[in-house]
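Read the structure below first, then the notes.
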Amino acid sequence: MKTKRTEMTVPTIGFNVETITLCKGMDVTVWDVGGLFFIIDSNDRERVAEAKEALYGILESESMANVPLVVIANKQDLPNAMGPIELEKALDLSSLTDRKWMIQKTCAIKGDGLTEAMKEMARLIKEQNKK
Ligand SMILES: Nc1nc2c(ncn2[C@@H]2O[C@H](COP(=O)(O)OP(=O)(O)OP(=O)(O)O)[C@@H](O)[C@H]2O)c(=O)[nH]1
Ligand SMILES: [Mg+2]
């Protein structure tokens, strides 16, 4: 995967903004943020590899160094949805040794797990800041 980087700073705010080209036609803009939520369609087994590529494309950006990650495993209401253990393997999350991460199961249409995801993120950011 080739990434083309554009570094840019907004001096008045002091945020680092970086635009990464994940693949042709897919640009993501990342900010110097406290935490990253990555939402995955747990029911989309065919595209989990694609989701993994996208995730690592974001994580390799300099501005994402040590930034805590909460993977939101959405669509848990669907019977064929991948669970957290399966997703952890599919996304190879155990390879992430230099950042705090966790997986939160959600069902966005019912709102299940969303508050928990926010709380977990707050906890990870606090832990990271202790270092
Ligand atoms: N069953 C279920 N459906 C959901 C949930 N969250 C979002 N959706 C539905 O998923 C649909 C959007 O699908 P997505 O997978 O997000 O997007 P998509 O249109 O498939 O586009 P891409 O997957 O990005 O190509 C909408 O109809 C939502 O109502 C959930 O937790 N459970
Ligand atoms: Mg989809």
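The values are calculated or read from the model by the stated rules, or taken from the named source; none is laboratory data. All values reported here derive from a predicted model rather than from experimental measurement. So basically every Cβ, Gly included, is an ideal-geometry build from the backbone, and we count neighbours across all protein chains shown.
Checking each residue in segment 40-84 for being among the small types (Gly, Ala, Ser), in a helix (DSSP H, G or I) and more than 10 Å from ligand 1 (Cβ to nearest atom) picks out ALA49, ALA54, GLY57, SER63.
Please go through segment 65-86 and pick out each residue that is in contact (Cβ under 8 Å) with a residue 12 or more places away in the chain and farther than 10 Å from ASP41 by Cα. I'd like the intermediate steps shown before the answer.
Step one: list which residues in segment 65-86 are in contact (Cβ under 8 Å) with a residue 12 or more places away in the chain, which gives 65-78, 80-84.
Those that are in contact (Cβ under 8 Å) with a residue 12 or more places away in the chain and farther than 10 Å from ASP41 by Cα: ALA65, ASN66, VAL67, PRO68, LEU69, VAL70, VAL71, ASP77, LEU78, ASN80, GLY83, PRO84.
Applying the criterion of being within 15 Å of LEU36 (Cβ to Cβ), hydrophobic (A, V, I, L, M, F, W, C) and without any contact (Cβ under 8 Å) to a residue 40 or more places away in the chain to the residues of segment 106-123, the residue that is farthest from ligand 1 (Cβ to nearest atom) is ALA122. Before we move on, is ILE109 within 15 Å of ligand 2 (Cβ to nearest atom) and more than 27 Å from LYS24 (Cβ to Cβ)? So ILE109 fits the description; yes. For VAL28, work out the one condition from (1) at pLDDT below 75; (2) away from ligand 1 (no atom under 16 Å from the Cβ) it doesn't fulfil. Of (1) at pLDDT below 75; (2) away from ligand 1 (no atom under 16 Å from the Cβ), only one is false for VAL28: (2). When segment 85-131 is limited to residues that are under 13 Å from the mean Cα position of the chain (by Cα) and assigned to a strand (DSSP E or B), the one that is surrounded by the fewest Cβ atoms within 10 Å (Cβ to Cβ) turns out to be MET102. The residues of segment 30-47 that are within 14 Å of ligand 2 (Cβ to nearest atom) and surrounded by fewer than 19 Cβ atoms within 10 Å (Cβ to Cβ), listed by number, are ILE39, ASP41, ASN43, ASP44, ARG45, GLU46, ARG47.
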